Amino acid sequence: MRSCWLVRIAAIVCALCLAMGVMSQTVFAKDDGQVQQVYVPEEPEATFVVLNGETDAATPAPEVTDNRTALPLYDGEDQVGQCAVIGGEPYMGVAEFCEDLGLDAQVIDNGSAVSMAMNGLVLTAQVGQAYLVCNERYIYLRNGAQVLNGVVALPVEDLVKCMGLTACWDRVRWELSVADTEVKPLKSGSLYYDETDVFWLSRLIFALAAEQPLEAQIAVGDVCVNRVRSDRFAGQNNIYEVIFAKNQFSVVTNGMIYVQPDASSVLAAKLALEGCDLSGGADYVAQSDMGADYEMVAAFGSLRFYREA
């Protein structure tokens, strides 16, 4: 009788587990031959659209330069503030951005570093650092954090991503509008980054680019990520398979792939996995010319990045 009840309980548990697997997005992570099932919630949608359409003769398109620093910010149909344009990107102080859009946030800004906290979201950034950190996620800043009127300003596109908002930069009418101000915080790094991907990608970056600048390290990670996404590399469907594909990386043969990476290599791996592609879409990395069959699309430090011509 007891064994009968145990069988029934086991059946119920299995049914519940199956139902949960159907209703949720599930990721299977391979690590040392073992498969682990990890629940990963959906990533909040964040949209930043840039419009570069033609205008009619009566409304000539404005010249898009950094000299035009006043970019109106709209919340729906109402202008609520303005942005600066730095390096071709709209920038705003974090506190000003939240205040203009009526977002309830606690912001501490000392002119060289900024931190922001709101429900379900923690963000930090500092001048001189090539990335911001949001909910333990690492977002690359192409032009870095800037100082405007004594406060730290960040790209609006990245603020929108961190908050899960929807925004549109109309470069014809020269205005930026936020259509949705319901904050949907970025999913945390512990749920977003696959541990196996970070484990192996950081080791490849360290083995190939330990003495290279951060941009070179990120680009090495990009090569792996690009191969995973490409249909031209059969059997290379994840980071592990890319790295250990036959005759691809010498650091696998000489054992350097197994050396413990440093913090910079782990950071670069996460930035690459986050979608920062500095490699120009490269599929190969080398320290010398790869020949006429390959096009060099980026170079950082002593490394060159190629894709097939």
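FYI, it's all coordinate maths here, none of it is from the lab. Because the structure is a prediction, the values reported are computed rather than measured. Cβ: placed from backbone, ideal geometry, glycine included. Neighbour counts: every protein chain shown.
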Checklist entry - How many nm separate the modelled label positions at residue 117 and residue 78, each set 7 Å beyond the Cα in the direction of the Cβ? => result 2.9 nm
Next on the checklist: Starting from 0.36 nm per residue, how many nanometres of slack lie between residue 50 and residue 232 once their C-alpha separation is accounted for?
Outcome noted: 62.5 nm
Item to check | Two-site FRET efficiency, residue 308 against residue 184, from Cβ-Cβ distance with R₀ of 41 Å, rounded to 0.05 | outcome: 0.55
Next on the checklist: Quick check on packing: order 207-213, 106-112 by the mean number of other C-beta atoms within 10 Å, highest mean leading.
Outcome noted: 207-213, 106-112
Next on the checklist: With +1 assigned to the C-beta of every Lys and Arg and -1 to the C-beta of every Asp and Glu, and no other charges, what is the dipole magnitude of the stretch 122-174 about the Cα centre in debye, to the nearest 20?
Outcome noted: 120 debye
Checklist entry - In the stretch 47-186, what % of DSSP beta bridges are antiparallel (nearest 5)? => result 80 percent
Item to check | Dipole axis of the stretch 191-308 (+1 Lys, Arg; -1 Asp, Glu on Cβ), positive-most option in 240, 252, 217 | outcome: 252
Next on the checklist: Once R0 is set to 30 Å, what does the formula 1/(1 + (r/R0)^6) return for the Cβ-Cβ distance between residue 248 and residue 143, expressed as a FRET efficiency to the nearest 0.05?
Outcome noted: 0.35
Checklist entry - Taking the Cα centre of the stretch 47-186 as the origin, how large is its charge dipole in debye, to the nearest 20, when only Lys and Arg (+1) and Asp and Glu (-1) carry charge on their Cβ atoms? => result 500 debye
Checklist entry - Taking the mean number of other Cβ atoms within 10 Å as a proxy for protection, how do you rank 143-152, 196-205 from highest to lowest? => result 196-205, 143-152
Item to check | Gain upon complete extension [residue 127, residue 99; 0.36 nm per residue less C-alpha separation] | outcome: 7.9 nm
Checklist entry - If you put +1 on each Lys and Arg Cβ and -1 on each Asp and Glu Cβ, how big is the dipole of the stretch 191-308 around its Cα centre, in Debye rounded to 20? => result 180 debye
Item to check | Extension gain, residue 262 back to residue 106 (0.36 nm per residue minus Cα-Cα distance, nm) | outcome: 52.9 nm
